[in-house]
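See below for the structure under consideration.
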Amino acid sequence: MVPGGPSEGEIAAMAATVRKLIPEIIADLEGLVAIPSVAFPGHPPEPVRRAAAATAAILRKSGLAGARLVEIPGGYPFVFGEIPPPPGAPTVLLYAHYDVVPAKQQDGWETDPWTPVVRDGRLYGRGAADNKAGIASIAGAIRALDGTCPVGVKVVIEGEEETCSHLEAYVKDHPDLFRCDVFVITDMGKIIAGEPVISTTLRGEVSCIVTVRTLARAVHSGMFGGAAPDALVALIRILATLHDAKGDVAVAGLSSSSWTGAEYPPHLFRRLAGILDGVRTIGSGPISTQVWAKPSVTVIGIDAPSVRDATNILIPEARAKVSMRIAPGADPQREIRLLESHLRAAAPWNVRVEIGNAGGSAGFICPIRGRAVDLAKKILESVYNRPAREVGAGGSIPLLSWLQQAVPGAEFILWGCEDDEHSQIHGANESVDMSELERMIAAQAFLLQELGKT
């Protein structure tokens, strides 16, 4: 038993309650996973709206009778539900998202990504972990309290977290709808299932498209090669300057910090990243600092002739999309300007360089901890029966900064059902550990209970 946390009897009783609910909760989650709710441009809108409607229905039968779709100008709706607070009680806003990234079976899936499959204690399918499990954990926690929630509850389930979100602007224009004392963000997770953590920082992300032009048209490489510059070669030379010999980001002036919390064991990182035998990690400093506190840069796409279509020509134009994760707290506008300046300065031979589609979002640093965060950590330690650690996150949730600006006095709790070891979010064979789902339902139910105590 953890001092200040639930007793052993309370934990056993909650576990029994959740276990009775879990077949229906899993069935609801399977129904959501079966809907290809990809909100990316070019994908059909009907499945996205169907997922929104299904999410609202799940929340309504879980105890949020008025759960509804809230339309957003230019985007997909978010789902909103609310239970008013008892007099003097705080309000907790729980967040997840119902949209997912694209998935095709030929990308390496062992089964159809839109057909949920249970195997070895895990539920497989696109969105099973990221982040439809978050919806299931929120609905499950409210069901587990059986209508006796001692705090006010708001639930926001976004429909565009994975793409160009319109919810951020909506938060700015309607801050009162999001007013609360505690935000619980369920779009996070653990490094390994069964080892509880709370995330306290996230990196931001900026990106741009760099286009290099050298010739008026493609020309024969035998007749002109050696004197006429090839655009793809020039682009490669530019991109090669983004890292130094150690693999550290070489863009001058970028913000950076050091991670001071729990360490990320290097051997575990190598295994989870799938780094091949003999291949070295890049950069300097502890792994935790590199992936949670320092910037990183990646070339995520190049437009150039494919090997299959290669011919003996000099290429007149080539372009690449460069994505850079930025340190928590860094100004995205400043960081993207530094990246643009670096790309232009690195251009050889006076080639023409055009940089467009530049933009990005800030990272996030949780505000100073208060009663809610302390309770959350004690609850995790009680439910998991082991110490809870504080970790960072290399990914980004741009909405968090907007929520913090809209409700500056609120606490943030970042946790969830995902695990880095097996969940494979955004990749093939995405899955969620169903035991993690049970534990997180219990943890969130306890949190709502404990926050209601004076």
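Could you tell me the relative contact order of the chain? Use alpha-carbon pairs under 8 Å, at least six residues apart, and round to a whole percent. Can you show the working numbers first?
Numbers: 990 pairs, mean separation 116.1, N = 454.
Relative contact order for the chain comes out at 26 percent.
Using a simple spin-label model with pseudo-atoms 7 Å out from Cα toward Cβ, Arg50 and Asn312 lie 5.3 nm apart.
Between Thr111 and Ala57, what is the FRET efficiency for a Förster distance of 22 Å, r being their Cβ-Cβ separation, to the nearest 0.05?
Details: r = 26 Å, r/R0 = 1.18.
Calculated value: 0.25.
As a footprinting exposure proxy, order Ser62, Ser221, Ser37 by other Cβ within 10 Å, with the fewest listed first. If you can, show how the numbers build up before the last one.
Working: Ser62 26, Ser221 15, Ser37 29.
Result, fewest neighbours first: Ser221, Ser62, Ser37.
Computed from phi, the 3J(HN,Hα) profile of region 438-450 under the Karplus parametrisation 6.51, -1.76, 1.60 (θ = phi - 60°) reads 4, 5, 6, 4, 4, 4, 5, 5, 4, 4, 4, 5, 5 Hz, with x in place of Gly and Pro. Paramagnetic label reach from Ala250 (point 7 Å along Cα→Cβ; backbone nitrogen cut-off under 11 Å): within region 321-356, residues 346.
Nearest 20 debye, what's the magnitude of the dipole of the chain about its Cα centre given +1 on Lys and Arg Cβ and -1 on Asp and Glu Cβ? Can you show the working numbers first?
Working: 42 positive and 51 negative charges, 130 e Å.
Here the size comes out at about 620 debye.
If only the Cβ of Lys and Arg carry +1 and only the Cβ of Asp and Glu carry -1, the dipole of region 175-266 around its Cα centre is close to 500 debye. Along the positive direction of the dipole of region 120-270 (beta-carbon charges: Lys, Arg +1; Asp, Glu -1; about the Cα centre), which of Cys180, Gly147, Ile192 reaches farthest? The listed residue farthest towards the positive side: Ile192. Considering only His243, Ile397, Gly370, the residue lying farthest towards the positive end of the dipole of the chain is His243, judged by Cα position with unit charges set on Cβ. Computed over the chain, the P(r) tail beyond 39 angstrom holds 25 percent of alpha carbon pairs.
Using a Förster distance of 45 Å, how high is the FRET efficiency between His243 and Ala27, based on the Cβ-Cβ distance and rounded to 0.05?
Working: r = 48 Å, r/R0 = 1.06.
FRET efficiency, His243 to Ala27: 0.40.
Could you check what % of the DSSP bridge pairs in the chain are antiparallel, to the nearest 5? Bridges in the chain that DSSP calls antiparallel: roughly 65 percent. Phi angles of region 157-165 translate, via the Karplus equation with coefficients 6.51, -1.76, 1.60 and θ = phi - 60°, into HN-Hα couplings of 10, 7, x, 9, 5, 7, 9, 6, 6 Hz per residue; Gly and Pro are given as x.
Placing +1 on each Lys and Arg Cβ and -1 on each Asp and Glu Cβ, with no other charges, gives region 113-224 a dipole about its Cα centre of roughly 440 debye. Over the chain, dividing the summed -39,500 (n - 2.57) contributions of all DSSP H runs of at least 4 residues by the number of residues returns a 222 nm mean residue ellipticity of -10000 deg cm²/dmol.
The angle between the Cα long axis of helix 332-345 and the longest principal axis of the Cα atoms of the chain comes to about 20 degrees, rounded to the nearest 10.
Just need log10 I(q)/I(0) for region 338-442 at q = 0.11, 0.24 Å⁻¹, Debye formula, equal scatterers on the alpha-carbon atoms, no solvent, rounded to two decimals. Evaluating at q = 0.11, 0.24 Å⁻¹ gives log10 I(q)/I(0) of -0.58, -1.35.
Rule-based calculations on the coordinates, nothing more; no lab input. The model shown is predicted, which means the values in this text are computed figures rather than measured ones. Cβ sites come from the backbone with ideal geometry, for glycine too, and all protein chains shown count toward neighbours.
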